[in-house]
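Shown next, in structure tokens, is the structure this report addresses.
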Amino acid sequence: MRNVGLLALRLVVGIIFIYQGWGKLTNLDMTVGFFGSLGIPAFLAYAVAASEFLGGIAILLGIFIRDAAMLLAIIMVVAILSAHLKQ
């Protein structure tokens with residue numbers, strides 16, 4: 001049952017990151033503007049959008065899981081500290 005649970009978790013997390021990354025990629029102007037309002041350089045908006053989308057695909061497919069999870073964890077910590085913690 002452990003493997004089934006891990007598969008379900010991987011599928012859900014992968015789909016969530018693909019969805020969020022796609023939203024950022026399709027609205028890059030808005031994403032760059034939001035990052036700018038937080039004082040984050042614009043080029044990082046592109047990197048974050050691509051990392052979320054591609055990292056989600058990697059997790060969903062089960063390839064490079066540790067690398068993708070580490071990168072996505074760093075992105076989420078920065079998001080918490082820069083955007084969500086202020087609220």
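Provide the per residue accessible area, probe 1.4 Å, for the chain, rounded to a whole number of square angstrom.
Ligands and nucleic acids excluded, the result is 69 Å² per residue.
For segment 1-44, which whole percent of the accessible surface, found with a 1.4 angstrom probe, sits on carbon and sulfur atoms?
Carbon and sulfur: 72 percent of the exposed surface of segment 1-44.
Any idea of ILE15's accessible area? Nearest 10 Å², probe 1.4 Å.
Solvent-accessible area, nearest 10 Å²: 100 Å².
About the Cα centre of the chain, how large is the charge dipole given +1 on each Lys and Arg Cβ and -1 on each Asp and Glu Cβ? Please answer in debye to the nearest 20.
The calculation lands at about 240 debye.
Add -39500 (n - 2.57) for each DSSP H run of 4 or more in the chain, then divide by its residues: what number comes out at 222 nm, to the nearest 500 deg cm²/dmol?
Helix-only estimate at 222 nm: -27000 deg cm²/dmol.
With no solvent and one equal point scatterer placed on each C-alpha of the chain, evaluate the Debye formula and give log10 I(q)/I(0) for q = 0.20, 0.23, 0.24, 0.27 Å⁻¹, two decimals.
Log10 of I(q)/I(0), two decimals: -0.91, -1.10, -1.16, -1.31.
Cut-off 10 angstrom, C-alpha nodes, Gaussian network model of the chain. Which of ILE18, ILE74, ILE57 fluctuates the most?
Per the Cα network of the chain with a 10 Å cutoff, ILE74 tops the list.
Mind ranking ARG66, ARG2, ARG10 by accessible surface for me, highest first, 1.4 Å probe?
ARG66, ARG2, ARG10
The values are calculated or read from the model by the stated rules, or taken from the named source; none is laboratory data. These numbers come from a predicted model, not from an experiment. No Cβ is skipped: glycine too gets one built from the backbone with ideal geometry, and neighbour counts run over all protein chains shown. Protein only, heavy atoms only, side chains kept; ligands, DNA and RNA dropped before computing areas. Shrake-Rupley method; radii C 1.70, N 1.55, O 1.52, S 1.80 Å.
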